[in-house]
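The values are calculated or read from the model by the stated rules, or taken from the named source; none is laboratory data. Remember, it's a predicted structure, so these values are computed and weren't measured experimentally. No Cβ is skipped: glycine too gets one built from the backbone with ideal geometry, and neighbour counts run over all protein chains shown.
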Amino acid sequence: MFGKIILLIALILFIAYLISLGFTNIPFAEGMSKITSHPYPLAVLLDLYLGQLAFAFFIVWNEDKVSTAVLWIAPILLLGNILPVIYLIKNYSSLKIKLDV
């Protein structure tokens, strides 16, 4: 249960951060052009997608139906790591049993 509480806190903090981004004066396209002009942010983006790919394999392993796995995986590529956190919260009890922890 402690892990689920930590995940819920992380989710709430992340959503609050995303909401705060809506109040900045930097347009999204301008921010992205700055990111893609430097090598280190690109490495971070590659790392993000590698982590999403790894989590996608985890979802495929955990889900019984391919269609359910696809419904979880497809939005991850667009919305980022907020969905894996939601997935872990939703499936926390069954994962503890499956992983025997």
message: Condition check: in contact (Cβ under 8 Å) with a residue 60 or more places away in the chain and either closer than 22 Å to TYR92 by Cβ or in contact with a His (Cβ under 7 Å, 6 or more places away or on another chain) (or both). Does LEU13 satisfy that?
response: no
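Would you call ASN25 within 15 Å of the chain's Cα centre (by Cα) and among the polar types (S, T, N, Q)?
no
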- request: Among the residues of the stretch 58-73, count how many are surrounded by 12 or more Cβ atoms within 10 Å (Cβ to Cβ) and either among the β-branched types (Val, Ile, Thr) or outside any loop (DSSP other than H, G, I, E, B) (or both).
  value: 10
task: Could you tell me whether any residue of the stretch 36-43 is surrounded by 10 or more Cβ atoms within 10 Å (Cβ to Cβ), modelled with pLDDT of 85 or more and part of a helix (DSSP H, G or I)?
output: yes
query: Mind checking whether some residue in the stretch 75-94 is free of Cβ contacts under 8 Å to residues at least 60 places away in the same chain and either in contact with a Gly (Cβ under 6 Å, 6 or more places away or on another chain) or among the basic types (Lys, Arg) (or both)?
result: yes
message: Which count do you get for residues in the stretch 55-96 that are within 15 Å of the chain's Cα centre (by Cα) and either closer than 24 Å to MET1 by Cα or among the acidic types (Asp, Glu) (or both)?
response: 16
- prompt: Is there any pair linking a residue in the stretch 45-64 that is of a type in the set (Gly, Ala, Ser) to one that is modelled with pLDDT under 90, with Cβ under 8 Å and at least six apart or on different chains, and which?
  reply: GLY51/ASN81; ALA56/ILE76
